[in-house]
Amino acid sequence: MREHSGDEFVRRARDEGLRSRAAYKLMEIDQRDHLLVPGMTVIDLGAAPGAWAVYARDRLGPRGRVIALDLLALEAIPGVEVIQGDFTEDAVFQDLLDRLGGQPVDLVLSDMAPNISGIAAVDQARSIGLAELALDLALRTLRPGGKLLVKVFQGEGYPEYLRLLKGRFDRVVTRKPKASRGRSREIYLLALGFQPE
Ligand code: SAM
């Protein structure tokens, strides 16, 4: 808790009225990689409390579409469609597909993180599992050339996951934004140029 409340990004987020310090991670990646472009359709997985969704909505403008999904309830965000549910459940995954109604997606974001059990092997496996589901959604919904930004813990299963991504996208780069705590194993993989089979 002491680490959290003394954190520069936590203080900034509070001062700037943002929903969480996570906003700065997406902001930094977006500024570097020009991820978000007005008019895009974006899916935001693991969206609560909603900092990424608010940022994405503002960047996409009135012609954009953001669908935000989380296990937890999200305080309403004007202009953002919200689904509350567990993304590991087939019915929730299907609900998202139905919502899209075949509309191709430009960008899938996943900041999903498992509830930390403290057992490293369990947390690692859950992180990779969530990242695999995000990839599954991306493969089914992205337009050709589309992008995926996904958080994953480095460790067992990470090299295989990276290989999977490289098999379906033109280029994959890693990003570790400043707001991502240095000692955390989390890293963001940005996959660019989706190639449908
Ligand atoms: N990007 C968010 C923001 O800007 O406010 C912060 C996301 S937070 C680090 C990770 C989120 O992943 C949590 O809100 C958690 O509930 C969600 N999550 C974890 N497992 C999930 C699952 N199976 N289905 C849906 N959401 C999940």
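The values are calculated or read from the model by the stated rules, or taken from the named source; none is laboratory data. Just so we're clear, the structure is a prediction, and the values are computed from it rather than from any experiment. Cβ placement follows ideal geometry from the backbone for every residue including glycine, while neighbour counts extend to all protein chains displayed. Each accessible area value is taken on the protein alone, full model and side chains, heavy atoms only, with ligands, DNA and RNA left out. Shrake-Rupley method; radii C 1.70, N 1.55, O 1.52, S 1.80 Å.
Annotations
- The range 103-197 - convex hull of the alpha-carbon atoms, volume per residue in Å³: 93 Å³
- Rg ratio (alpha-carbon, reference 2.2 N^0.38 Å) - the range 145-197: 1.17
- Equivalent ellipsoid of the chain: semi-axes from √(5λ) of the C-alpha gyration tensor, largest first, are 23, 21, 17 Å.
- Solvent-free Debye scattering, log10 I(q)/I(0), computed from the Cα coordinates of the range 92-144 at q = 0.13, 0.14, 0.27 Å⁻¹: -0.39, -0.44, -1.04
- Averaged over its residues, the range 138-197 has an accessible area of 51 Å² per residue, based on protein heavy atoms and a 1.4 Å probe.
- Accessible area of the range 7-79 belonging to carbon and sulfur atoms, whole % at 1.4 Å probe: 53 percent
- Once the 1.4 Å probe is applied to the protein heavy atoms, the range 17-137 comes out at 44 Å² accessible per residue.
- Antiparallel DSSP beta bridges within the chain, percent to nearest 5: 40 percent
- Between GLU8 and SER117, the modelled label-to-label distance comes to 3.6 nm, taking each label 7 Å out from Cα in the direction of the beta carbon.
- All Cα pairs of the range 54-128, percent lying beyond 18 Å: 50 percent
- Note on the range 5-88: percent of Cα-Cα distances in each 10 Å bin, starting at 0 and stopping at the bin with the largest distance, equals 19, 47, 31, 3.
- Per-selection metrics, the range 115-155 (Cα): Rg and Dmax in Å: 12.4, 39
- Between LEU109, LEU100, LEU26, the Gaussian network model of the chain with springs among Cα atoms under 10 angstrom shows the greatest mean-square fluctuation at LEU100.
- At most 12 other Cβ within 10 Å, DSSP loop - trypsin sites (Lys or Arg not before Pro), the range 3-91: ARG63
- Extension gain from GLU132 to GLU16, taking 0.36 nm per residue of separation minus the Cα-Cα distance: 38.4 nm
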